[in-house]
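Enquirer: Structure provided below as structure tokens; questions to follow.
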Amino acid sequence: MTQQTPHPITRPDAQVHLGVFFQGVNHTTVWSDPESGSQTDVTSFERVARTAERGLFDAFFLGEGLRLRESRGRLHDLDVVGRPDAITQLAALAAVTRRIGLVATQNTTYNDPVDLARRLASLDVLSGGRAAWNVVTTDNAWTGENFRRGGYLDHARRYDRAEQVLATARRIWDAWPADDHGPVAHVAAHGDLLDVEIDPTTPRSPQGHPVVFQAGDSPQGRDFAARSADVIFSRHGSVLADALAFAADIRARVVAAGRPEDDVKIVPGTAVVVGDTAAEAEEKARWVARQQVTPATALHVVGTIWAEDLSGYDPDGPLPAHDPVVAELGGEGGSSTTGARTHEVAARWRALAEAEGLSIRELVIRVSGERGFVGTPSAVADELVRFVRTGAVDGFNISPWIIPSGLDDIVDRVVPELQERGAYRTAYAGTTLREHLGLRAPLTRRAGAGVRAAAGV
């Protein structure tokens, strides 16, 4: 495990929070492994959720996409099995789990706020107060074609609509009386991006509202999280200095929004690979990385930046010698690099490849992000505790490299190490996700909440 610059322990008694991120279709899960299960079979979801609950995790976090990814008109191989609806999947898991939270990724651009609020509230009620909503804002025309309104929303306004949809959902959740007695309030929300009249039909759950997650990393996304979210799901969780800088920025924005500094929990995504020795863990991590980035995956990733079919290139050879054809990517294929300045990315990649002598495949492995935490269970536990107790994060959302057995090492080997350090619960103290995370009451149900309630509507 890479040694990092020492930073002071500012929260000596802080506890590590853990969640599991079930991504569904993606190349970071090694679906080709003989031990891999199905990404749509309910038994895969059940196995992961039950293992996470056995490990006293806060939440099962489910990713979702609204359209199968493709490249130049051809579907990605991993997508052809489909993408079931997140709330439907989590409702099935609510019946076979008792305590673990259930986080549904749901889009504010292509969902109706009344229907979405009702479905999330239903999951919250039926699960006994364990539901959460990961608010995403995907607005590209490529996704929008599935909804007969591709490109109807300017990219710059995606968070405007998100705030209006979230504020309307909170008003709908607040309309039902807390004690289930008395009249249900009529909700009328008239914004420039939505127009709603509704008499809500779903009572409150024991946690009041579903917990709100947000994962935007742009300045606009960070401000949205600071104003409106309970938890921010970040990608700043592998390099301590980077995680500390992100945390400082978010907490400053939270205070500027009129909230307590610790009101938004920071839970980055990460990966964990453990071995009996440091050398064994490193070897295993290298093997996992090569399974994740197959030759075809490497050519596709680079081809997305170059905006051309590179299937004729040797993945173990050099990058294309010519510059990308276009300066900006469009919305093709649901690429995570949509909107990037491709000539800048290509120049940076070429410089890195030349400096380190990397092939196409080696480069993609290199730039696919930090590996997360690699080492013995004891060493990994030390690092997780250090990140939390220096104030860089509140916990981690772990992406297993294989489904459904990918959490076994973490639950069986890392969690006991955390417990020995007094940095992890030994039993669930509450029954709701809000209790697991140590969150305050929903924003609209606090004293003085009228100032912050219903932003944008």
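The values are calculated or read from the model by the stated rules, or taken from the named source; none is laboratory data. For clarity, every value in this text was computed on a predicted model and none was experimentally measured. Here Cβ is always computed from backbone atoms with ideal geometry, including for glycine, and neighbour counts include all displayed protein chains. Surface accessibility is based on the protein's heavy atoms, side chains included, excluding ligands, DNA and RNA. Shrake-Rupley method; radii C 1.70, N 1.55, O 1.52, S 1.80 Å.
Enquirer: List the number of the failed condition for residue 386; all other conditions in (1) surrounded by fewer than 19 Cβ atoms within 10 Å (Cβ to Cβ); (2) touching a residue at least 24 places away in the same chain (Cβ under 8 Å); (3) over 18 Å from residue 236 (Cα atoms) hold.
Expert: Every condition holds for residue 386 apart from (3).
Enquirer: Residue by residue through segment 90-113, note down the ones that are β-branched (Val, Ile, Thr) and at pLDDT below 95.
Expert: Residues satisfying the conditions are 105, 108, 109.
Enquirer: Enumerate the helices (runs of 4 or more DSSP H) found wholly within segment 355-442, keeping only those where 1 or more residues are within 28 Å of residue 36 (Cα to Cα).
Expert: The helices (runs of 4 or more DSSP H) meeting that bar are 360-367, 377-389, 415-420.
Enquirer: Could you list all residues from segment 213-234 that are open to solvent by less than 10 Å² (accessible area, probe 1.4 Å), more than 11 Å from the chain's Cα centre (by Cα) and over 12 Å from residue 162 (Cα atoms)?
Expert: 226, 230, listed by residue number.
Enquirer: Still on this structure, please answer the following. Which residue pairs have Cβ atoms closer than 7 Å, lie 6 or more positions apart in sequence or on different chains, and pair a first residue in segment 349-365 that is closer than 18 Å to residue 286 by Cβ and in contact (Cβ under 8 Å) with a residue 40 or more places away in the chain with a second residue that is in a loop (DSSP other than H, G, I, E, B) and charged (D, E, K, R)?
Expert: Between residues of segment 349-365 that are closer than 18 Å to residue 286 by Cβ and in contact (Cβ under 8 Å) with a residue 40 or more places away in the chain and residues that are in a loop (DSSP other than H, G, I, E, B) and charged (D, E, K, R), the close pairs are 359/316; 361/316.
Enquirer: Scanning segment 263-282 for residues that are open to solvent by less than 10 Å² (accessible area, probe 1.4 Å) and assigned to a loop (DSSP other than H, G, I, E, B), which turns out farthest from residue 23 (Cα to Cα)?
Expert: So, considering only residues that are open to solvent by less than 10 Å² (accessible area, probe 1.4 Å) and assigned to a loop (DSSP other than H, G, I, E, B), the one farthest from residue 23 (Cα to Cα) is 263.
Enquirer: Suppose the filter is modelled with pLDDT of 95 or more and among the aliphatic types (A, V, I, L, M); does residue 42 pass it?
Expert: Here the answer is no, as residue 42 does not meet what is asked.
Enquirer: Could you grab the pairs with beta carbons closer than 6 Å, sequence gap of 6+ or different chains, first residue in segment 410-424 and of a type in the set (Asp, Glu), second one surrounded by fewer than 15 Cβ atoms within 10 Å (Cβ to Cβ) and outside any helix (DSSP H, G or I)?
Expert: Close Cβ pairs (under 6 Å, with a partner that is surrounded by fewer than 15 Cβ atoms within 10 Å (Cβ to Cβ) and outside any helix (DSSP H, G or I)) do not exist here.
Enquirer: Restricting to segment 168-191, count the residues that are assigned to a helix (DSSP H, G or I) and surrounded by fewer than 23 Cβ atoms within 10 Å (Cβ to Cβ).
Expert: Qualifying residue count for the region: 3.
Enquirer: Here is a follow-up. Quick one: which residue in 204, 251, 259 is more than 21 Å from residue 368 (Cα to Cα), basic (Lys, Arg), in a loop (DSSP other than H, G, I, E, B) and open to solvent by 30 Å² or more (accessible area, probe 1.4 Å)?
Expert: 204
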